[in-house]
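First comes the structure, then the notes that go with it.
The values are calculated or read from the model by the stated rules, or taken from the named source; none is laboratory data. A quick note: this is a predicted structure, and the numbers were derived from the prediction, not measured. Cβ sites come from the backbone with ideal geometry, for glycine too, and all protein chains shown count toward neighbours.
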């Protein structure tokens, strides 16, 4: 052992006590955030409804007709519970991630911790970037697509109007947020795998054509059955794959540079002796 690892031999019971402490902090932060978010559940849901109002405006409809319904007495209550859980997960994620890191960090070498920390910061930022893309663009676009399918009353025809349910609208936006948020983790995952030598940029480049097919299949599974949201998820996924290839190449260049510097240092030491 090089001595740069903070972990010291401990009985199993001490590891379990440490794990219990980290779980208490993680679950406690989620519970506190859940209580706060449940208190503000209606305002939070109104914020999530803003993209729907944008879609109504894009469709040229009267904003007074932008309404959501619920068809069961308990539906809106459970929708608020889901909103609170969704908000609590977002708010408590930094605490949960830090507790996970604090539990595993003592078992890592200093260079491994230094390599892991940037990804701990990049991961939530990329998730927020994907969620922002959903909120400001894709949700209004998807809802506009569905609103455009309405039928106005005409001779011999009946009016067909979209009346979204609060639970289904929340499920839609949550599905899109988590789908885009997870997809935006692709550069982080591939860069980590490249750092440990499991993947390399050439392998990723060779598998590009297969990944494009997989991207569209995954988009079809994760998004609603409309072409706009499926293409909207598949295209950023393919773009992020290219970013992942570039990031893997940077990791390989950095590793090669470090190896060259180490070789030069060894050669200099040998010449001095």
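Can you work out which of the residues in the stretch 228-273 that are modelled with pLDDT of 75 or more and exposed (fewer than 11 other Cβ atoms within 10 Å of the Cβ) is farthest from residue 196 (Cα to Cα)?
264
Show me the helices (runs of 4 or more DSSP H) entirely contained within the stretch 1-120 in which 2 or more residues are at pLDDT below 85 and outside the structural domain of residue 251 (by TED's automatic domain parsing).
By residue number, 12-39, 75-104.
Taking the criterion of being out of contact with any strand residue (DSSP E or B) (no Cβ under 6 Å at 6 or more places or on another chain), more than 13 Å from residue 223 (Cβ to Cβ), in a helix (DSSP H, G or I) and touching a residue at least 60 places away in the same chain (Cβ under 8 Å), would at least one residue in the stretch 169-179 satisfy it?
Taking every residue of the stretch 169-179 in turn, at least one turns out to be out of contact with any strand residue (DSSP E or B) (no Cβ under 6 Å at 6 or more places or on another chain), more than 13 Å from residue 223 (Cβ to Cβ), in a helix (DSSP H, G or I) and touching a residue at least 60 places away in the same chain (Cβ under 8 Å).
Go through the stretch 46-55 and report how many residues are under 20 Å from the mean Cα position of the chain (by Cα) and either closer than 16 Å to residue 81 by Cβ or free of Cβ contacts under 8 Å to residues at least 12 places away in the same chain (or both).
2
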